[in-house]
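Beneath this line is the structure, given in structure tokens, with notes to follow.
The values are calculated or read from the model by the stated rules, or taken from the named source; none is laboratory data. These figures come from a predicted structure and were not determined experimentally. For neighbour counting, all protein chains shown are included, and Cβ atoms are generated from backbone atoms with ideal geometry for every residue, glycine included.
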Amino acid sequence: MWLIDDLLACELPLKEDFTAYLAALRSSLGLPYLSVNRIETALHVVLSRYTPDCHAHIADIICRTPAPHAPAMYYSSHTSEELMSHYKSALCILNSNSDFDLTYITAWHKYTVGSGFALKIETVCDIVNEIKYWTDQSSNDEEHFNRTSIFVWFVFCLLTGVRPNNGLGKMYDIDLDMGWLLINDKPVKKVKSDRLIPLCPILIRHLTDYRAYLINYQAKHQDYHEVSAIIDNIRLGNDEALLKLLYERAPTANSPTLKDIKRGDAYHMTKHIIDANPYWTRHFVRTQLEKLGVSLSLINTVIGHEKARQEVLGRFSSNSKADIKRVASVFEQIAAQLGLSDITINHYPNHIGTSTTEVDHANK
């Protein structure tokens, strides 16, 4: 309020005054192309290039870069104290002649800025364990199938950072042997934007176990002919989404069928655990990749925030496939922090097969 009162008490300069001042400044410095825009971007340049431990993403947030030009700022989260420290460091660099009075920058209360969906690792770990416990408490075979599918759907989103759209993960785009996912999760865009995401070993194990779970279910329900045909397509790697839900078409139908998982299905089935749009998984992944030291350009490549023609499969890409492949080790760290290395997919108790150790929900 003191700042507002002081400003109201002052005779503020007009835009024409700034223009005249800049004209005189350009003339004295010999910089005919100096403009207000270039002066305003000076802080961004100092933050992103010359401020220790800072980068372009934080500079976007501090300089309030418009959303169309900096979508990443809405997919991550930082404390106000952290941002203020970067801001003050940048001003200190600009203040090489000690012309600035920086005493107005005082201690700030800690609070989170940026994405409200960027959940902390401890919170997401609890969510993962709750969903797994909910899965293991299924009362029948069909319920266990659907809950297992939803659990693996969340694991898939958490260890890839994909947009949680409908029908994720076509089998012909998933290479479990080489550990690659080819995805275009912007299907409404006119320009095709396929990109590669590396699959970490823990995710590969979960997807492989889920495929085995489907085959086991097929063997136990051989009279479900339509279900069996869909699982055959998955097993053969055809144009079929891996993650499925059992769906009763009509009361008179002799057997159920399988349908692709939609984002709304994931939300409604788990809203008693977390009442939030499943897009929170994407915000979480971007934040964790940044915290674990992945470069901004690589994060944008994996998440799908590159600018036009800079995709890894495009001619102007600044990252190689080898660079992207190395991000798999970071996803593996995230998986371990979430306890996914200790969680396995269990068959329903009445199924034939080796039962794996269940997660200890009491000690989650």
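Residues that are part of a loop (DSSP other than H, G, I, E, B) and at pLDDT below 85 within the stretch 56-95 comprise 64, 65, 66, 67, 68, 69, 70, 75, 76, listed in sequence order.
If you go through the stretch 24-50 and keep only what is exposed (fewer than 11 other Cβ atoms within 10 Å of the Cβ) and either more than 40 Å from the chain's Cα centre (by Cα) or modelled with pLDDT of 85 or more (or both), you end up with 24, 28, 29, 30, 32. The residue of the stretch 215-249 that is farthest from residue 166 (Cα to Cα), among those that are among the acidic types (Asp, Glu) and touching a residue at least 40 places away in the same chain (Cβ under 8 Å), is 239.
The single residue among 220, 262 that is at pLDDT below 95, assigned by TED's automatic domain parsing to the domain that holds residue 132 and closer than 30 Å to residue 324 by Cα turns out to be 262. Restricted to the stretch 189-238, and to residues there that are part of a loop (DSSP other than H, G, I, E, B) and over 22 Å from the mean Cα position of the chain (by Cα), the residue that is nearest to residue 179 (Cα to Cα) is 237. Cβ-Cβ distances below 9 Å connect the following pairs, each with a first residue in the stretch 265-279 that is assigned to a helix (DSSP H, G or I), a second residue that is acidic (Asp, Glu), and a separation of six or more residues or different chains: 267/275; 270/130. Could you give me the residue pairs with C-beta distances under 6 Å whose first residue belongs to the stretch 134-152 and is in a helix (DSSP H, G or I), whose second residue is acidic (Asp, Glu) wherever it lies, and which are 6+ apart or on separate chains? Pairs found: 136/358. For the stretch 67-77, the condition of being of a type in the set (S, T, N, Q) and touching a strand residue (DSSP E or B) at 6+ places or on another chain (Cβ under 9 Å) holds for at least one residue.
The single condition from (1) modelled with pLDDT of 85 or more; (2) not in a loop (DSSP other than H, G, I, E, B) that residue 53 fails is (2). Quick one: is residue 307 at pLDDT below 85 and either more than 16 Å from the chain's Cα centre (by Cα) or surrounded by fewer than 18 Cβ atoms within 10 Å (Cβ to Cβ) (or both)? Yes: the conditions hold for residue 307.
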